[in-house]
């Protein structure tokens, strides 16, 4: 970063806080540029030449990390778990302490989980206004009826929220077991499981297979890979 940028953007890029929270930090007279306290939000800085400090500590932009992980079932997406359950962070290099999961998958759900220290990307992928698609493969007991699929796309009220799949299709079916694929555009808590429960479907297995254009592919449970530059740019521009 060598071109002048707004101070709050620089602080957000450095992982100090979100851009909005960084504005509050600036307004609280906690930021100095080249030894002078700055409180004006429109202030621009040149990261290559200026010394930016927050609460007397030098701020540097950290290396951006973008990871695709195949979350296995039986672990949580929290940094620590009060019940002592395994966490996804135990699967990553220990020096990646500043990455965070982009959204969450519940304890029993597996599949594609993105992790990053880029707050802008995380916001883009999780905020409802961007509507980034997420695909899930759900194995349920018994045969699924068309009326149940239609209920998912129409929308289901549960706990005061409207849960709705953008698209649903059956990929395989028998009397004992069916597999359906759902496309979601929002990330409400346990949304797929709640929709299935509301229409009487018992979930046997739930796997997230895609976020945006990033696919789980052949990535094995518990394994991870870094995203390519092309994949990162795609995530930032797509819905």
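Kindly indicate whether residue 79 is over 22 Å from residue 215 (Cβ atoms), part of a loop (DSSP other than H, G, I, E, B), in the same structural domain as residue 218 (by TED's automatic domain parsing) and at pLDDT below 95. Lay out the reasoning, then the answer.
Numbers: over 22 Å from residue 215 (Cβ atoms): yes; part of a loop (DSSP other than H, G, I, E, B): yes; in the same structural domain as residue 218 (by TED's automatic domain parsing): yes; at pLDDT below 95: yes.
Against the criterion (over 22 Å from residue 215 (Cβ atoms), part of a loop (DSSP other than H, G, I, E, B), in the same structural domain as residue 218 (by TED's automatic domain parsing) and at pLDDT below 95), residue 79 qualifies.
Among what's in region 107-123 and is farther than 17 Å from residue 219 by Cβ and either over 17 Å from the mean Cα position of the chain (by Cα) or modelled with pLDDT under 95 (or both), pick the residue that is surrounded by the most Cβ atoms within 10 Å (Cβ to Cβ). Steps first, please.
Taking region 107-123 first, the residues farther than 17 Å from residue 219 by Cβ are 107-108, 117-123.
Restricting the remaining residues to those that are either over 17 Å from the mean Cα position of the chain (by Cα) or modelled with pLDDT under 95 (or both) gives 108, 117-123.
Values: 108: 13, 117: 19, 118: 22, 119: 18, 120: 15, 121: 18, 122: 19, 123: 15.
Among residues in region 107-123 that are farther than 17 Å from residue 219 by Cβ and either over 17 Å from the mean Cα position of the chain (by Cα) or modelled with pLDDT under 95 (or both), the one surrounded by the most Cβ atoms within 10 Å (Cβ to Cβ) is 118.
Being in contact with a helix residue (DSSP H, G or I) (Cβ under 7 Å, 6 or more places away or on another chain) and under 27 Å from residue 176 (Cβ atoms) is the filter here; which residues of region 201-239 pass it? Talk me through it step by step, then tell me what you get.
Going residue by residue through region 201-239, those that are in contact with a helix residue (DSSP H, G or I) (Cβ under 7 Å, 6 or more places away or on another chain) are 201, 203, 206, 211-214, 222, 224, 235-236.
Correct list: 201, 203, 206.
Residues of region 60-71 being outside any strand (DSSP E or B) and either within 16 Å of the chain's Cα centre (by Cα) or surrounded by 20 or more Cβ atoms within 10 Å (Cβ to Cβ) (or both), which ones? Before the answer, list the steps.
Start the filter on region 60-71 by keeping residues that are outside any strand (DSSP E or B), which leaves 60-65.
Within region 60-71, 64, 65 qualify.
In the set 138, 144, 99, which member is assigned by TED's automatic domain parsing to the domain that holds residue 192 and over 19 Å from residue 210 (Cβ atoms)? Reasoning before the result, please.
On the way: 138 fails: over 19 Å from residue 210 (Cβ atoms); 99 fails: assigned by TED's automatic domain parsing to the domain that holds residue 192.
The conditions single out 144.
Just give me the residues in region 1-31 being within 13 Å of residue 44 (Cα to Cα) and assigned to a loop (DSSP other than H, G, I, E, B), in sequence order.
1, 2, 3, 4
The values are calculated or read from the model by the stated rules, or taken from the named source; none is laboratory data. Keep in mind that what you see is a predicted model, and the values were worked out from it rather than measured. Here Cβ is always computed from backbone atoms with ideal geometry, including for glycine, and neighbour counts include all displayed protein chains.
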